Amino acid sequence: MDVKMEDSWKQVLGHEFSKPYFLQIVAHLKTEKASGAIIYPPGSLLFNAFNKTPFDKLKVVILGQDPYHGPGQAHGLSFSVTDGIPAPPSLGNIYKELNKDLGMAIPKTGNLTKWAEQGVLLLNAVLSVRANEPASHSKVGWMDFTDAVIRKISEEKKGIVFLLWGRFAQEKQVLIDETRHYVLKAAHPSPFSADKGFFGCRHFSKTNELLVKQGLSPIDWNPVVNPEN
């Protein structure tokens, strides 16, 4: 299959694209579109996380669950929304923690592309959703694919910082070789759980400490492209 994905990821994941589960995903999406269903994100952005964060530039993984299901929100990066869309509640809480952890002003943008371009893979476990139907594509095969992604990162990279927020993300810990990588865990930033261990986790400063310890440049967590403007 000719999947439109950045080359370094294609080399690592290419064998997945011919597996039955992946062909089933493709068939399912085609069937839904043919029936008139609205799918988010748009097809061109399904693999945006991979295209913005090449495999050979990867430093950090932030695992989300499901794309946003409202119009104009999802663009293939976990927790991120397109320009002009207000930050959803979980992202708002991420910004509050960044403010407490690093003193960063709360950004007006909810677009985290700048993180992705610095090596932060913003990976949802499920890469598509029907409009206004959360988790509607959670059983079509995407988790087979994203589990394979996490395994490949674990096997072929070293020193990656995995941020696992909430029980769902933490279930993926078994896929990660912790003798080779760093795992930071906290409650999910959702309003239902942020005060149960997300606030105060200081994952952003801790991530940068782990990167600097390896001789890598830290992440500039301010998502604003030109903060001085």
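Computed over every Cα-Cα pair of the chain and binned at 5 Å starting from 0, the pair-distance distribution P(r) comes out as 1, 7, 14, 20, 21, 17, 12, 6, 2, 0, 0 percent. Nonpolar atom fraction for the stretch 117-200, defined as the carbon and sulfur part of the 1.4 Å probe accessible area, stands at 48 percent. Largest to smallest in accessible area, the residues 57, 139, 172 fall in the order 139, 57, 172 (1.4 Å probe, all protein chains included). At a probe radius of 1.4 angstrom, the accessible area of the stretch 109-161 per residue rounds to 32 square angstrom.
Ranking 143, 104 by solvent-accessible area of protein heavy atoms (1.4 Å probe, all protein chains present), from largest to smallest, gives 143, 104. The residues neighbouring residue 218, those whose beta-carbon lies less than 15 Å from its own, together hold a net charge of +2 under the Lys/Arg +1, Asp/Glu -1 convention. Derived scalar couplings between HN and Hα for the stretch 30-44 equal 4, 4, 5, 5, 5, 7, x, 5, 8, 10, 10, x, x, x, 5 Hz in order, rounded to whole Hz, by the Karplus curve 6.51 cos²θ - 1.76 cosθ + 1.60 (θ = phi - 60°), x for Gly and Pro. Summing charges over all other residues whose Cβ lies under 13 Å from the Cβ of residue 197, with Lys and Arg as +1 and Asp and Glu as -1, gives +2. What is the projected area of the convex hull of the Cα atoms of the stretch 94-158, averaged over all directions, in nm²? Mean projected area for the stretch 94-158: 6.5 nm², to one decimal. Note on the stretch 143-229: the C-alpha convex hull projects to 7.5 nm² when averaged across all orientations. Reducing the stretch 96-114 and the stretch 1-31 to their Cα centroids gives an inter-centroid distance of 34 Å. Overall shape: oblate for the stretch 83-210, with the ratio a/c of the largest to smallest alpha carbon gyration tensor axis at 1.5 or above and b/c at least equal to a/b. For the stretch 67-92 versus the stretch 195-229, the spacing of their alpha-carbon centroids is 20 Å.
The values are calculated or read from the model by the stated rules, or taken from the named source; none is laboratory data. Note that the structure is predicted; figures quoted are calculated from it, not measured. Note that we place each Cβ from the backbone using ideal geometry, even for glycine, and neighbour counts take in every protein chain shown. Keep in mind that these areas ignore ligands, DNA and RNA; they rest on the heavy atoms of the full protein, side chains included. Shrake-Rupley method; radii C 1.70, N 1.55, O 1.52, S 1.80 Å.
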